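Taking it in order: structure first as structure tokens, then the write-up.
The values are calculated or read from the model by the stated rules, or taken from the named source; none is laboratory data. Predicted model, so just to flag it, every value in this text is computed and none were measured. No Cβ is skipped: glycine too gets one built from the backbone with ideal geometry, and neighbour counts run over all protein chains shown.
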Amino acid sequence: MPTLSTHVLDAAGGGARAGVEVTLRDSTGAVAGQGRTGPDGRLGGLGATLTPGTYRLTWSTEGAFLAEVSVLVRLIEDRHYHVPLLASGASAVTYLGV
């Protein structure tokens, strides 16, 4: 069974972003997991019972320009996926972490 975690970093401020709302939706649009990043900007165990498939991972960044960042991820292997987000008010980058 795949597992997923995330970490939000503030590119402008140079630190973690606490309190960012994160939602994971399955291919039907149903919520598979949700929560808020902690003081260290991390949210682990997003979606406790995931099955292999395609999911939409959305961060509500509430930036002046980017209010929300969303990506489609394919969780196809039985392993842990870590998907960090590096964001500022006007840009965002995400990647598959380790």
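Annotation note: Cβ proximity below 6 Å between a residue of the range 3-31 that is free of Cβ contacts under 8 Å to residues at least 12 places away in the same chain and a residue that is surrounded by 18 or more Cβ atoms within 10 Å (Cβ to Cβ) (sequence gap 6+ or interchain) occurs for V31/R25. Selection of strands (runs of 3 or more DSSP E) fully inside the range 6-85 by the criterion of at least 1 residues being within 19 Å of L96 (Cα to Cα) and among the aromatic types (F, W, Y) returns 53-60.
One residue alone among G15, G19, G29 is at pLDDT below 95 and over 9 Å from the mean Cα position of the chain (by Cα), and that residue is G15.
What about G53, is it of a type outside the set (S, T, Y), at pLDDT 95 or above and under 14 Å from L85 (Cβ atoms)? Here the answer is no, as G53 does not meet what is asked. The residues of the range 46-68 that are out of contact with any Gly (no Cβ under 8 Å at 6 or more places or on another chain), exposed (fewer than 15 other Cβ atoms within 10 Å of the Cβ), closer than 27 Å to S88 by Cβ and of a type in the set (G, A, S) amount to a single one, A67.
Name the single residue, out of those in the range 2-19 being of a type in the set (G, A, S) and surrounded by 14 or more Cβ atoms within 10 Å (Cβ to Cβ), that is nearest to G45 (Cα to Cα). Before the answer, list the steps.
Looking only at the range 2-19, we keep the residues that are of a type in the set (G, A, S), and these are 5, 11-16, 18-19.
Subsequent filtering for residues that are surrounded by 14 or more Cβ atoms within 10 Å (Cβ to Cβ) retains 5, 11, 16, 18.
Values: S5: 6, A11: 24, A16: 18, A18: 16 Å.
Checking each candidate, the answer is S5.
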